[in-house]
Amino acid sequence: MIVRREPVVWAASKRHDTHLARPLPLALFTEGCAYRRWATQALEASAIAYRVGFESPSVSGVLAAVRSGLAVAPVGASMVPDDIRVLGPAEGFPSLPAAVISVQTARADPSEVVRTLKQEVVRAFGCREATD
């Protein structure tokens, strides 16, 4: 069940002009992350030179690099705090896909505990009920 479509956006420091640097320094999640792949593919398609300036498995690490002016990063729109700005086509940055957040159970007939947990996760994302 899809519980949210999360836009992925370019995050940059409000206090630095890092987004103007070429090659563009990126703060990326570790290898295997779709955000990382989407960002590098979008930049390559737009002929924007980039380099990996920072890598972290956590959003707090990526945002710390952005906040300090070390890099620009692809992050979920809901994760962008007030002290970080979002960049888009107006600033010369390509659009990024939306991430799909879903809840799945391993079995077709999950236990009551699993159904209850699924329902709570779905509610936390603002959906009314978990139906597949």
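The values are calculated or read from the model by the stated rules, or taken from the named source; none is laboratory data. Please read all numbers here as calculations on a predicted model, not as lab measurements. So basically every Cβ, Gly included, is an ideal-geometry build from the backbone, and we count neighbours across all protein chains shown.
Scan (1) crowded, with 16+ Cβ neighbours inside 10 Å; (2) in a strand (DSSP E or B); (3) in contact (Cβ under 8 Å) with a residue 40 or more places away in the chain; (4) not acidic (Asp, Glu) for the single condition GLY53 breaks and write down its number.
Looking at each condition in turn, GLY53 falls short on (3).
Find all pairs meeting these conditions: Cβ atoms under 8 angstrom apart; at least six residues apart or on different chains; first residue within region 95-111 and surrounded by 15 or more Cβ atoms within 10 Å (Cβ to Cβ); second residue of a type in the set (Ser, Thr, Tyr) and not in a loop (DSSP other than H, G, I, E, B).
LEU96/TYR35; ALA99/TYR35
Can VAL62 be described as in contact (Cβ under 8 Å) with a residue 12 or more places away in the chain, on the phi < 0 side of the Ramachandran plot, buried (at least 17 other Cβ atoms within 10 Å of the Cβ) and of a type in the set (Val, Ile, Thr)? Talk me through it step by step, then tell me what you get.
Values: in contact (Cβ under 8 Å) with a residue 12 or more places away in the chain: yes; on the phi < 0 side of the Ramachandran plot: yes; buried (at least 17 other Cβ atoms within 10 Å of the Cβ): yes; of a type in the set (Val, Ile, Thr): yes.
Answer is yes for this residue.
Could you list, in sequence order, the residues of region 56-79 that are in a helix (DSSP H, G or I) and over 15 Å from the mean Cα position of the chain (by Cα)? Outline the logic, then answer.
Of all residues in region 56-79, those in a helix (DSSP H, G or I) come to 59-67, 77-79.
Passing the criteria: only ARG67.
Are there any pairs, at least 6 apart or on different chains, whose C-beta atoms fall under 6 Å, with the first in region 30-43 and in contact (Cβ under 8 Å) with a residue 24 or more places away in the chain and part of a helix (DSSP H, G or I) and the second hydroxyl-bearing (Ser, Thr, Tyr) and crowded, with 18+ Cβ neighbours inside 10 Å, and if so, which?
Cβ pairs passing all conditions: LEU43/TYR50.
Under 7 Å between Cβ atoms, which residue pairs at least 6 apart in sequence (or on different chains) link something in region 112-132 that is more than 19 Å from GLU6 (Cβ to Cβ) with a partner that is at pLDDT below 70 and of a type outside the set (D, E, K, R)?
Partner pairs satisfying both residue conditions: GLN119/ALA130.
Got a number for residues in region 34-52 being closer than 18 Å to LEU70 by Cβ and not polar (S, T, N, Q)?
First, the residues of region 34-52 that are closer than 18 Å to LEU70 by Cβ: 35-36, 39-40, 43, 48-52.
Pick out the ones that are also not polar (S, T, N, Q) and you get 35-36, 39, 43, 48-52.
Going through region 34-52 one residue at a time, the tally reaches 9.
Within region 80-132, track down each residue that is assigned to a helix (DSSP H, G or I) and modelled with pLDDT of 95 or more. Please lay out each step first, then the result.
First, pick out the residues of region 80-132 that are assigned to a helix (DSSP H, G or I): 89-91, 112-124.
The answer is PRO89, ALA90, GLU91.
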